[in-house]
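Written out below as structure tokens is the structure these notes cover.
The values are calculated or read from the model by the stated rules, or taken from the named source; none is laboratory data. Here the structure is a predicted model, which means the values were calculated and not measured. Because the Cβ atoms are built from the backbone with ideal geometry, glycine has one as well, and the counts that use them run over all protein chains shown.
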Amino acid sequence: MTILTGDCRDLMPMHGPFDLILADPPYGDTSLAWDRRVDGWLPLARAALKPSGSLWVFRSLRSFMTTSRAFADAGFAYAQEIVWEKQNGSSFHADRFKRVHEFVVQFRRADVPWSAVYNDVQTTLDAVARTVRRKKRPPHTGHIDAGHYVSEHGGPRLMRSVIFLRNAYGRAIHPTEKPVFLLEILIRTSCPPGGLVGDWFAGSGAAGEACKLTDRRYIGCEIDPKMAECARARIASVLPFTEGTRP
Ligand SMILES: C[S@@+](CC[C@H](N)C(=O)[O-])C[C@H]1O[C@@H](n2cnc3c(N)ncnc32)[C@H](O)[C@@H]1O
């Protein structure tokens, strides 16, 4: 568990190869001082990624549309996206919908097929109760009756691509902090247990906390020394859980 202080373009290429790269760069959507777009990191991330690895990037659609060529130019191919829906959001314009979601898009190396990318599809137990009908075959051949059983909670099903989670409003260390549970989902899906996660724009180190909770190794990088110090303290205060010991 390491947080480096400095520019990820200088420091992170030395620490790969990564099983998973998480990137939550400034979106560059506003004129706010901290919201300056960072260029040039994508080819470096591509070079630092294992063949079976993938890159998950947080961005607004506006930001993706203005930078979409940069992903292809760097050797990345689109894989899939999820939408994080939050309980409140930002309103930069009074004449637009209130924005209560973020896009998180997964890219793979363009030279590697999707089938070779590490992908442990996550399931959820929140399916509703349902009755499942199936044929019941008696011990002797001949007569076949219809039978059924009731599944109490519906059993596991694929996680949905729209995930509602409260943001860290009121207790955040960083103004654009991401929920640890959302990062846990991405990490469990796209990084093997014990694998190495690179968090190129670490902010408060939320992804470091998620790695500690999921038993993945973590290297984060943050350019702001004060924020990097907060991230280190945050990660140090988290007790590690190991698979199988969670309730
Ligand atoms: C959107 S925030 C990340 C928030 C983080 N995901 C969290 O949950 O706390 C982007 C961060 O990237 C940092 N940053 C900007 N340029 C950087 C660079 N070139 N290298 C490393 N970090 C950078 C900013 O200081 C900021 O803290």
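Being modelled with pLDDT of 90 or more and farther than 30 Å from residue 51 by Cα is the filter; apply it to segment 74-100 and report the residue that is surrounded by the most Cβ atoms within 10 Å (Cβ to Cβ). Walk me through how you get there before you give the answer.
We begin by selecting, within segment 74-100, every residue modelled with pLDDT of 90 or more; these are 74-86, 100.
Checking which are farther than 30 Å from residue 51 by Cα leaves us with 85-86, 100.
Details: 85: 13, 86: 20, 100: 15.
Restricting to residues being modelled with pLDDT of 90 or more and farther than 30 Å from residue 51 by Cα, the top hit is 86.
Under the condition of being in a helix (DSSP H, G or I) and either more than 28 Å from residue 112 (Cα to Cα) or touching a strand residue (DSSP E or B) at 6+ places or on another chain (Cβ under 8 Å) (or both), which residue from segment 32-47 is farthest from the ligand (Cβ to nearest atom)? Top of the filtered list is 46.
Quick check, is residue 57 surrounded by 14 or more Cβ atoms within 10 Å (Cβ to Cβ), more than 30 Å from residue 233 (Cβ to Cβ), within 16 Å of the ligand (Cβ to nearest atom) and not polar (S, T, N, Q)? Walk me through it before giving the result.
On the way: surrounded by 14 or more Cβ atoms within 10 Å (Cβ to Cβ): yes; more than 30 Å from residue 233 (Cβ to Cβ): no; within 16 Å of the ligand (Cβ to nearest atom): yes; not polar (S, T, N, Q): yes.
When the stated conditions are applied, residue 57 does not pass them.
A quick yes/no check of all residues on (1) modelled with pLDDT under 90; (2) surrounded by 11 or more Cβ atoms within 10 Å (Cβ to Cβ); (3) part of a loop (DSSP other than H, G, I, E, B):
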{"site": "133", "(1), (2), (3)": "yes, no, no"}
{"site": "140", "(1), (2), (3)": "yes, no, yes"}
{"site": "160", "(1), (2), (3)": "yes, yes, yes"}
{"site": "218", "(1), (2), (3)": "no, yes, no"}
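Pairing each residue of segment 51-70 that is farther than 13 Å from residue 83 by Cβ with any residue that is aromatic (Phe, Trp, Tyr) and at pLDDT below 95, provided the two are 6+ apart or on different chains, yields C-beta distances under 6 Å for 63/27.
Taking residue 175, is it more than 16 Å from the ligand (Cβ to nearest atom), in a loop (DSSP other than H, G, I, E, B), of a type outside the set (Asp, Glu) and touching a residue at least 12 places away in the same chain (Cβ under 8 Å)?
Values: more than 16 Å from the ligand (Cβ to nearest atom): no; in a loop (DSSP other than H, G, I, E, B): yes; of a type outside the set (Asp, Glu): yes; touching a residue at least 12 places away in the same chain (Cβ under 8 Å): yes.
No.
Among the numbered conditions (1) part of a strand (DSSP E or B); (2) at pLDDT 95 or above, the only one that residue 71 does not meet is (1). Residues that are away from the ligand (no atom under 12 Å from the Cβ), out of contact with any helix residue (DSSP H, G or I) (no Cβ under 7 Å at 6 or more places or on another chain) and not in a loop (DSSP other than H, G, I, E, B) within segment 182-207 comprise 185, 189, 190, 196, listed in sequence order.
So is residue 24 within 14 Å of the ligand (Cβ to nearest atom), of a type in the set (Asp, Glu) and farther than 28 Å from residue 238 by Cα or not?
On the way: within 14 Å of the ligand (Cβ to nearest atom): yes; of a type in the set (Asp, Glu): yes; farther than 28 Å from residue 238 by Cα: no.
It is false that residue 24 is within 14 Å of the ligand (Cβ to nearest atom), of a type in the set (Asp, Glu) and farther than 28 Å from residue 238 by Cα.
For the condition within 29 Å of residue 34 (Cα to Cα), within 11 Å of the ligand (Cβ to nearest atom) and assigned to a loop (DSSP other than H, G, I, E, B), residue 210 does not qualify.
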